[in-house]
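**Q** Attaching a single structure in structure tokens format; questions to follow.
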Amino acid sequence: MWRALRTVLLLATLAVPASVHGAAVEVQVKDDRGKPVEDAVVYVTAPAATTAKERAGALMDQINQEFVPYVLAVGAGSAVNFPNRDNIRHHVYSVSTQKKFELPLYIGTPAAAVVFDQPGVIVLGCNIHDWMVGYIFIVPGGAFAKTAGDGRARIENVGTGTVEVRVWHPRLKVATETTGKPVTVDGGGTGETVFTIGLKREWRVPRPVGERYQRSN
């Protein structure tokens, strides 16, 4: 009896369409000179619930007096922890409209995470080290991913059919709302698209010579 029941359950699982299991979109992001763009967030606009793991498991580290990662993408409602792994104190803050907060001078991990409910861009800084800049992008849509050094990312669990994919980057010249592209996910469960985006010139507060040393892995 149990063997027959397992067989029925297995057949039922195999019969579930790709749209339920979650299809994927392969995305490549390049700048207007054809070079791959790292740290670009790509996402679909179809609503998708953020899982409990996603809401509770995000980290924005501070390592060698830098925010790591430089760009963190999370779903709305996510709680982000800000551990300081340096042996000096940092003072993390944001004056962004979507979420203003302040974590006064500390070492280690603050007891309470910061919850980000509103979609948009959070710019992070440190009151002690002006060159420290980081970004949190709270995704306004559904499934999302971030590009690696080769400019590529794979957005999982988007379902089959036609979806709209958008891109965001800290130096993007245009509003992310204008970047939407329709992508058709075929019966095999994979769609593809390429973004070519213009980027603003990067400028950061110079790091003092005495503070320059190799970032930890």
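The values are calculated or read from the model by the stated rules, or taken from the named source; none is laboratory data. Values in this document were obtained by computation on a predicted structure and should not be read as measured data. Virtual Cβ from ideal backbone geometry, glycine too; neighbours counted across all protein chains shown.
**Q** Can you list residue pairs whose Cβ atoms sit under 8 Å apart, with the first residue in region 179-204 being more than 15 Å from VAL163 (Cβ to Cβ) and the second being of a type in the set (D, E, K, R) and surrounded by fewer than 15 Cβ atoms within 10 Å (Cβ to Cβ)? Count only pairs 6 or more apart in sequence or on different chains.
**A** THR196/ASP32; ILE197/ASP32; ILE197/LYS173; GLY198/ASP32; GLY198/LYS173; LEU199/ASP32; LEU199/LYS173; LYS200/LYS173
**Q** Still on this structure: Looking at region 40-50, which of the residues that are in contact with a strand residue (DSSP E or B) (Cβ under 7 Å, 6 or more places away or on another chain) and farther than 14 Å from THR176 by Cβ is modelled with the highest pLDDT?
**A** It comes out as ALA46.
**Q** Looking for whichever is surrounded by 18 or more Cβ atoms within 10 Å (Cβ to Cβ) and not aromatic (Phe, Trp, Tyr) here; the options are ILE128, ILE155. Which one fits?
**A** When all the criteria are applied, what remains is ILE155.
**Q** Sticking with this structure for a sec: Go through (1) free of Cβ contacts under 8 Å to residues at least 40 places away in the same chain; (2) surrounded by fewer than 20 Cβ atoms within 10 Å (Cβ to Cβ); (3) part of a strand (DSSP E or B) for ASP86 and report which single condition fails.
**A** Going through (1) free of Cβ contacts under 8 Å to residues at least 40 places away in the same chain; (2) surrounded by fewer than 20 Cβ atoms within 10 Å (Cβ to Cβ); (3) part of a strand (DSSP E or B) one by one, ASP86 breaks only (3).
**Q** OK, next. With respect to the numbered conditions (1) loosely packed, with under 13 Cβ neighbours inside 10 Å; (2) within 20 Å of the chain's Cα centre (by Cα); (3) part of a strand (DSSP E or B), which one is the sole condition not fulfilled by THR193?
**A** (1)
**Q** Moving to a separate point now. Which count do you get for residues in region 65-83 that are assigned to a loop (DSSP other than H, G, I, E, B), surrounded by fewer than 18 Cβ atoms within 10 Å (Cβ to Cβ) and modelled with pLDDT of 95 or more?
**A** Matching residues across region 65-83 total 3.
**Q** Let me ask you something else. Out of GLY149, GLY198, I need the residue that is under 19 Å from the mean Cα position of the chain (by Cα), loosely packed, with under 15 Cβ neighbours inside 10 Å, modelled with pLDDT of 95 or more and of a type in the set (Gly, Ala, Ser). Which one?
**A** GLY149
**Q** Would you mind stating whether THR176 is at pLDDT 95 or above, of a type in the set (Ser, Thr, Tyr), closer than 22 Å to PRO69 by Cα and not assigned by TED's automatic domain parsing to the domain that holds TYR135?
**A** Here the answer is yes, as THR176 does meet what is asked.
**Q** What about GLU156, is it under 14 Å from the mean Cα position of the chain (by Cα) and acidic (Asp, Glu)?
**A** yes
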